[in-house]
């Protein structure tokens, strides 16, 4: 089966610092990965994704790195702001029978940004 | 406004009393899914539906039922709730299953359920 885990339950940073949130996955058949942000009292929101044929993808202030050799991905947030404070989840998608997909979520890392 | 809605947002009930949490989307999405979120465990998929009348079990389906009689609605049914089903529940939808690979999964606001 698939398990997706995050290395740290809480990450505290100062405003303006760069943040790095890590995630490990277990199933080498996973071919697509997503990072979600969940603010208090809300559902998860998409941040950035990456396919398994890539090792890096950049968005606005965010970068995702994928290392398939060690089944590890990370989310880097540049110039972290107080509004970035939230729980961040990685999720791994793999095809199951008949081509359908299943999405497995990690446990989450809480990012705390202090001014 | 394109959205996924859930009702109720908060519910406190007692063991064994049947309940239904409704989920509705107004985006004509084919794929809908239910997750539960528990501290230290993240989000785990309960059931999903590829389209009307097509449903399948996720990772933690025990104690839950779903139905998909129409495209917009995907209710979650707890026939005999137990305290271990106390959790935060999220409904989600996307255009179709392939859209999961294109990041377009929309989540509802969540339903916090407490079973005493």
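Quick look at the values:
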| item | result |
| --- | --- |
| Candidate set from region B:98-112 (those that are within 7 Å of another protein chain (Cβ to nearest Cβ) and modelled with pLDDT under 75); member that is surrounded by the fewest Cβ atoms within 10 Å (Cβ to Cβ) | B:103 |
| Residue A:60 within 22 Å of residue B:93 (Cβ to Cβ) and over 10 Å from the mean Cα position of the chain (by Cα) | no |
| Region B:34-50: number of residues that are without any contact (Cβ under 8 Å) to a residue 24 or more places away in the chain, out of contact with any helix residue (DSSP H, G or I) (no Cβ under 9 Å at 6 or more places or on another chain) and not in a loop (DSSP other than H, G, I, E, B) | 3 |
| Scan of region B:1-33 for residues that are assigned to a strand (DSSP E or B) and farther than 18 Å from residue B:82 by Cα, ordered by number | B:4, B:5, B:6, B:7, B:22, B:23, B:24, B:25, B:31, B:32, B:33 |
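The values are calculated or read from the model by the stated rules, or taken from the named source; none is laboratory data. Treat the numbers as computed from the prediction; the structure is a model and nothing was measured. Virtual Cβ from ideal backbone geometry, glycine too; neighbours counted across all protein chains shown.
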